[in-house]
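Let me begin by presenting the structure, written as structure tokens, before commenting on it.
What follows draws every value from the coordinates through simple rules; no lab data is involved. Treat the numbers as computed from the prediction; the structure is a model and nothing was measured. With ideal geometry, Cβ positions are generated from the backbone for all residues, glycine too; neighbour counts draw on all protein chains shown.
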Amino acid sequence: MPGMIHIRETGGPEVLEWVESDIPDPGPNEVRLRHTAIGVNFVDVYFRRGVYPLSSLPYVPGAEGAGVVVAAGDGVSRFKPGDRVVYQVSHGAYAEERLIPAERLVKLPDDVDDKVAAAVFLKGVTVDCLIRRTFRVAEGQTILWHAAAGGVGLIACQWVSALGATVIGTAGSDEKAERARKAGATHVINYRREDFVSRVKDLTDGIGVDAVYDSVGKDTFPGSLDCLKPLGMWVSFGQSSGVPPAFPVSLLQQKGSLFATRPTIGHYLAKRADLEASAASLFAALRQGLVTVSVNQEFPLRDAAEAHKALEARKTVGATVLVP
């Protein structure tokens, strides 16, 4: 029988368990999918820890994957057995096979490798939404991107710089800083040695940046706000160091009539048309060489706990995938 990783209770990486379970035939508008590669993202850790509430237990984590359609249920017209596909959803990817609504699948172009697709899709469409819809990055702007050497950060550095904006990144080591520079960041601040707020002020002649993209959370607050120019936007899209503390909305006024938002990718891609548009934008960026992705870490699906340990210890650089 096909195997999968599930959790019976929230907690540390040790709660990730391997189990086997039969997969039924797909129902109406469903597809049975055999995974070839599965993406690993920090959102998986948030759900495993219980930072994001789970609808029920046991729970199969995993928000993105690539694979081959095995069978299609009644009403499915877009896909047929043998089609290569990729997707991002809220859960269920840590499995050898799964059922999934056909509406959430996107056909994988022939020139995109399965592992690259699984490694880049969620992160790539996330970056697309963040830089085109949350805050529309334009030529001549200056952007601060925390965790610039992470999976999302490396994609963002490439894409934002290709748009003609200046990227200031933060990273936790000289090695990671160099990776961010190679990806397109003009300046990278090693936050373990330098105060990133002071450095940003120096780099911008005291003006500040147009937007801060912050997936770190607790450790970068309220410093992220202090890096913004008046009317700038703080985009808080993750909390790898913990949830930022609550603050009075008047703080935004005090620091320069700032804007703040906490986007969730599921809201941005809820409509099929938006999903297809972001996917097409990502595939075009890959095809044009604006974005390249290195799969730097691979773990067997059974060793998902080891992948989570590496991710939480910030020992990963770039993309990580699980291979069934």
- Query: Can you put LEU54, LEU225, LEU251 in order, fewest other beta carbons within 10 Å first?
  - Reply: LEU251, LEU54, LEU225
- the chain, Gaussian network, Cα under 10 Å: of ALA180, ALA285, ALA307, the residue fluctuating most is ALA285
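Note down the Stokes-Einstein diffusion coefficient of the stretch 40-171 in µm²/s, whole number, using a Kirkwood radius over alpha carbon pairs, 25 °C, and 0.890 mPa s. Show your work: numbers first, answer last.
Numbers: Rh = 16.5 Å.
The diffusion coefficient I find is 148 µm²/s.
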- Query: When Lys and Arg each count +1 and Asp and Glu each count -1, what net charge do the other residues less than 15 Å away from PHE221, Cβ to Cβ, add up to?
  - Reply: -1
- Task: In a Gaussian network model over the chain where Cα atoms closer than 10 Å are linked, find which of GLY238, GLY153, GLY206 has the largest mean-square fluctuation.
- Result: GLY206
- Query: Of ALA72, ALA119, ALA185, which has the largest mean-square fluctuation in a 10 Å C-alpha GNM of the chain?
  - Reply: ALA72
- Task: Compute the relative contact order of the chain as a whole-number percentage, counting only Cα pairs closer than 8 Å that sit 6 or more residues apart in sequence.
- Result: 17
- Do any GluC sites (Glu not before Pro) in the stretch 80-161 lie in a loop, going by DSSP, with at most 11 other beta-carbon atoms within 10 Å of their beta carbon, and if so which? GLU139
- For the residue pair LEU251 and LEU231, what label-to-label distance in nm results when each label sits 7 Å from Cα along the Cα-to-beta-carbon direction? 2.4
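Considering Cα pairs under 8 angstrom that are at least six residues apart, work out the relative contact order of the stretch 139-262 and quote it in whole percent.
This gives 20 percent for the stretch 139-262.
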- Query: Under 20 Å from the 7 Å Cα→Cβ point of HIS267, by amide nitrogen: which residues of the stretch 118-158?
  - Reply: 122-137
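So for TRP18, TRP145, fewest C-beta neighbours within 10 Å to most, what's the order?
Numbers: TRP18 14, TRP145 31.
Going from sparsest to densest Cβ surroundings: TRP18, TRP145.
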- Query: Restricting to the stretch 139-262, what percent of DSSP beta bridges are antiparallel, rounded to 5?
  - Reply: 0
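For the pairs LYS123/LYS271; LYS123/LYS201; LYS176/LYS309; LYS123/LYS182; LYS218/LYS255, note any where the Cα-Cα span goes beyond 21 Å.
Values: LYS123/LYS271 18 Å; LYS123/LYS201 29 Å; LYS176/LYS309 18 Å; LYS123/LYS182 19 Å; LYS218/LYS255 18 Å.
Check vs 21 Å cut-off fails for LYS123/LYS201.
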- Message: How large is log10 of I(q)/I(0) for the stretch 139-262 at q = 0.12 Å⁻¹ when the intensity is taken from the Debye formula with one equal scatterer per alpha-carbon?
- Response: -0.38
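Considering only DSSP beta bridges with both partners in the chain, what is the antiparallel share in %, to the nearest 5? Display every interim value, and only then the final one.
Working: 28 of 52 bridges.
So the antiparallel bridges amount to about 55 percent of the total.
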- Task: Let me know the charge dipole size of the stretch 1-60 about its Cα centre in debye, to the nearest 20, where only the beta-carbon of Lys, Arg (+1) and Asp, Glu (-1) is charged.
- Result: 180
